[in-house]
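Chemist: Can you read through this structure? Questions will come right after.
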C-alpha cells in the first residue's frame, strides 16, 4: 500500500513538472530545449539507481525521480543561456545568425560588416556592435567565449589563415577593451578551411567570410546546476 501511494505521488510530481514544461515550451521553446535534455539524463540516472536498489520497480521509481531532478537541473543552464540569447538577438543585425544548440549559443557575424576587404581593423559600425555584444557578455559572466575567424578561398591559403587569426584576435581585443574578462576568451583562425557555402559565387564567398562566436556555460554554472541551485541572475549592466 505504501509503495503504491509513493508511486502515485511520484507520478503526480512528474506530471506536474511535465505540464509546467509544456506550458514553458509554448512560451519559450529555447529554454525548454535545455530542460528536456536534463530530463532524459535525469531519468536515465534515476533508473540506474532504482534498478540497483529495488529491481524493475525500483528502476521505474528511480526514473521518475530522475526525471524531476533532471528537468529542474537542465532548466537552470537552459534558462540562463536563453536569457543571454534574447539579449544578444537585440544587438545582432539581419545578416548575422544566432542558433541555440542545447546548452550552447552559436553566433555567426558577417566579416564584411566588421572589416574592410583584406583588413583586420574593425570598422566603426563593427566596433559599436562588438561593444553592445560585450555588454551582454558582461551581463552573463558565467560563460566562456570562443571566437573563430573564417575567410573565403580567394588569395593564398597561408594569407587567409593569417587574416582569419588576426580578425579573431581583433574581436577578442574589442571584447576585452569593453570589460569582458580575457580569461573567458579564446581566439583562433581557420582561414578558408571550413566553408559553409560555395566559394565559386559572390554570395557563397560572402557567407564564408565570417567570425563565429561560441558561448558555453562555464564550470561555475555547471557546478551550480549539479548542486541543484536556481538560475543565476544576470549581472547589472
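Throughout, read-outs are computed from the coordinates displayed, never taken from laboratory work. Keep in mind that what you see is a predicted model, and the values were worked out from it rather than measured. Quick reminder, even Gly has a Cβ in these numbers, built from the backbone with ideal geometry, and neighbours come from all protein chains shown.
Chemist: Looking for something farther than 30 Å from residue 220 by Cβ and in a helix (DSSP H, G or I) - is there at least one such residue anywhere in region 166-186?
Modeler: Yes, region 166-186 has at least one match.
Chemist: When you check residue 125 against the structure, is it farther than 24 Å from residue 103 by Cβ and buried (at least 20 other Cβ atoms within 10 Å of the Cβ), yes or no?
Modeler: For residue 125, the condition - farther than 24 Å from residue 103 by Cβ and buried (at least 20 other Cβ atoms within 10 Å of the Cβ) - is not met.
Chemist: Do we find that residue 137 is closer than 14 Å to residue 175 by Cα, out of contact with any helix residue (DSSP H, G or I) (no Cβ under 6 Å at 6 or more places or on another chain) and outside any loop (DSSP other than H, G, I, E, B) in this structure?
Modeler: yes
Chemist: May I pose another question? Would you tally the residues in region 187-200 being in contact with a strand residue (DSSP E or B) (Cβ under 7 Å, 6 or more places away or on another chain) and either part of a helix (DSSP H, G or I) or surrounded by 17 or more Cβ atoms within 10 Å (Cβ to Cβ) (or both)?
Modeler: Of the residues in that region, 3 qualify.
Chemist: If you go through region 167-181 one residue at a time, do you hit one that is over 23 Å from residue 93 (Cα atoms), under 20 Å from the mean Cα position of the chain (by Cα) and surrounded by fewer than 16 Cβ atoms within 10 Å (Cβ to Cβ)?
Modeler: Within region 167-181, one or more residues are over 23 Å from residue 93 (Cα atoms), under 20 Å from the mean Cα position of the chain (by Cα) and surrounded by fewer than 16 Cβ atoms within 10 Å (Cβ to Cβ).
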